[in-house]
Amino acid sequence: MGAGLILTTIGWRWGHLAYGIGVAAVVGGVVWVVTLMARGTVTRLALSAGAAVVLVAGAVVPVTGLPQSPPQWKIPAAAQRPNGESARTGDLIIIGGTARHARTGAVAWAHEGPDAKPLLVEDSLVVIGTEDGSIGVDPPTGREIWRSTVTGRGIAHDRKVLVVAARDGTGATALDLTTGATLWRQSGRPVMECDLGPVDRFSPAREQSHVLLVRDEGRKGNAELIDLAGGRTTIADVDCSVAARLVGEVLLQADGKKLAGRSPADGRPLWSTPVEQPWHVDGSGSTVFTPTDRAEVVGIDVTTGRSRRIAPPPGTRTVRLVSGEQRTPDVWALLDVDSGAALWNPGTGRTVKVPDAVAIRVGNVDVSSGWIGLSGTTRDFTGATTRTCWAFSPDGRLSAPFPGAVCLVEDGLLETSGDVYPIR
């Protein structure tokens, strides 16, 4: 009877309760047979206990899988947790003003207390913002290299100059990354891009040669493009009301139902191509991608403006570009396919299936590294669903599923409820 109930549960997807009743019936039946056949109370007890353990373990493992390895480390209760301003350099994850070893969580060095945050994280330099200034730090040792009185948020850099936005949004200051000296100041709000207005959601600062500057917040849609080297205005008429951002050495700008490319050096038009959603442009490589109203995407060559429609794999019902705020060369789309869910790279054509996925969404995107956090539900062979998280790398590696409704992924680390799992 128990075996029959188990098989019926699997066939009809009745869930864990029916499956558990079937397992209990099988265990009861086996124990009953053992007590009838074995001689001696001790023997009966030993054989019954052994049979029960084996049967229950054999029933549980297919549903839950083998026990997961414990998290490598747990974030102390009083410490900052990873967030959108965290970033990684080598084996170190910079959280606030603290550098921790990514695999163990041990503190490598710390600066300036709980209010500190990274303004720039590179292999050769980390800039930490403090309440009264900023400091340049050598990543491996934590040694202070320079100190500045400039405070704010890191917006953009070219490996020589870092532009910092004032906390009140009224000024831009350029710091020499070698010495920390102030190179130039401009009034206005520096931002990384325009998305229905000025947006500075990227932090720590990402590498680019120019930065957008909004002189007057009251003049909606008006911005300038400033070169980092000298603080000179190279384009004075950037339309910031819809979408505009720098990709390589081309300024991409939404223009009605077209996406236009301009030279950041002088603003001259380079190309213009019709697209259905010019305000939604993903990627930062030689090709960027925009969605369409159908189950396909459009790839646009940043240098020439040539576009091509790219169809997803057969059996795809819907396509959602999931990179969103991500600004890395690899772009991924979430597919609703006949067999469940998958991630698809329209640039390479590669597809990565998400096993047993019922519903899935993007939990977060680490814009600087390209790692994607996925949240959703999976269904096992009994029909029961489980809330699950995954980490997805920019090169297309899907982690093992982690139980939980909310997980944060930061450059190879998955954090849920204070537990940190290094993925790579």
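Here, each number is a calculation from the coordinates, and none is a lab measurement. Computed from a prediction, not measured in an experiment: that's the story for all the values here. Cβ coordinates were reconstructed from backbone atoms using ideal geometry, including for glycine residues, and neighbour counts include every protein chain displayed.
The Cα atoms of the range 210-323 cover 51, 29, 21 Å along the three principal axes, with the biggest extent listed first.
Over the residues of the chain, the helix contribution to mean residue ellipticity at 222 nm works out to -4500 deg cm²/dmol, using -39500 (n - 2.57) for each DSSP H run of at least 4. The V61 and A311 beta-carbon pair, evaluated with R₀ = 45 Å, returns a calculated FRET efficiency of approximately 0.65.
Straight-line reach from K353: taking Cα to Cα under 13 Å and skipping same-chain neighbours fewer than 8 places apart, the aspartates and glutamates in range are D336, D338. Here's the picture: charge each Lys and Arg Cβ at +1 and each Asp and Glu Cβ at -1 in the chain, and of S263, P82, M1 the one pushed furthest to the positive end of that dipole is M1. When +1 charges are put on Lys and Arg Cβ atoms and -1 charges on Asp and Glu Cβ atoms, the dipole computed for the range 272-424 relative to its Cα centre reaches about 380 debye. For the pair D216 and T303 in one chain, pulling the backbone fully straight at 0.36 nm per residue adds 28.2 nm over the alpha carbon distance. With the highest mean first, a sort of the peptides 99-105, 349-355 on other beta-carbon atoms found within 10 angstrom per residue produces 99-105, 349-355.
Measuring max minus min along each principal axis, the C-alpha atoms of the chain give extents of 94, 51, 33 Å (largest first). For G404, the residues whose amide H sits under 5 Å from its own are R387, T388, C389, ignoring neighbours fewer than 5 places away on the same chain, with H placed 1.01 Å from N.
Starting from the Cα gyration tensor of the range 259-418, multiply each eigenvalue by 5, take the square root, and state the resulting semi-axes largest first in whole Å. Could you put the intermediate results ahead of the total?
On the way: eigenvalues 199, 66, 23 Å².
Taking √(5λ) for each eigenvalue gives 32, 18, 11 Å, largest first.
Under the combined filter of DSSP loop state and at most 15 neighbouring Cβ atoms within 10 Å, the range 81-189 retains these GluC sites (Glu not before Pro): E131. Where a ≥ b ≥ c are the square roots of the eigenvalues of the C-alpha gyration tensor, would you call the range 5-127 rounded, which needs a/c under 1.5, or, failing that, prolate if a/b is larger than b/c, or oblate? Because a/c hits 1.5 or more and a/b exceeds b/c, the range 5-127 counts as prolate. Give me the net charge of G65's neighbourhood, meaning all other residues with Cβ under 13 Å from the Cβ of G65; Lys, Arg count +1, Asp, Glu -1. Spelling it out: positives minus negatives among the neighbours equals -2.
With Kirkwood's inverse mean 1/r over C-alpha pairs for Rh, give me the Rg to Rh ratio of the range 162-201, two decimals please. Provide the component values of the computation, followed by the final result.
Details: Rg = 11.1 Å, Rh = 10.8 Å.
Ratio value, two decimals: 1.03.
Shape summary of the range 75-216, radius of gyration then Dmax from alpha carbon positions: 14.6, 47 Å. Helix 41-64 axis versus longest C-alpha principal axis of the chain: approximately 30°, rounded to the nearest ten.
What's the FRET efficiency of I21 with T104 using the Cβ-Cβ distance as r and R₀ = 51 Å, to the nearest 0.05? For R0 = 51 Å, the calculated efficiency reads 0.70. Distant-in-sequence amide contacts of A243, defined by a placed amide H-H separation under 5 Å and a gap of 5 or more residues or a different chain, comprise L196, A254. The peptide list 398-407, 362-371, put in order of mean Cβ contacts within 10 Å with the highest first, becomes 362-371, 398-407. What you get for the range 121-274, charging only the Cβ of Lys and Arg (+1) and of Asp and Glu (-1), is a dipole of about 300 debye around the Cα centre.
Taking packing as the residue-averaged number of other Cβ atoms within 10 angstrom, the listed peptides 183-190, 281-288, 43-50 run from highest to lowest as 281-288, 183-190, 43-50. In this label model, V42 and R81 are separated by 5.3 nm, measuring between points 7 Å along each Cα→Cβ vector. Averaging Cα coordinates gives a centre for the range 106-127 and one for the range 150-177; these two points are 16 Å apart.
Relative contact order, whole percent, for the range 1-112 stands at 14, derived from Cα pairs under 8 Å and 6 or more residues apart. The distance between label points at T385 and W184 comes to 5.5 nm (points 7 Å beyond Cα on the Cα→Cβ vector). Binning the C-alpha pair distances of the range 343-401 at 5 Å intervals from 0 yields a P(r) profile of 4, 18, 27, 25, 15, 7, 3, 1 %, listed from the shortest bin outward.
Where Rh denotes the Kirkwood radius from the mean inverse Cα pair distance, what is Rg over Rh for the range 149-281? Before the final figure, lay out each step's value.
Working: Rg = 14.2 Å, Rh = 14.7 Å.
Using only Cα positions, Rg/Rh for the range 149-281 is 0.97.
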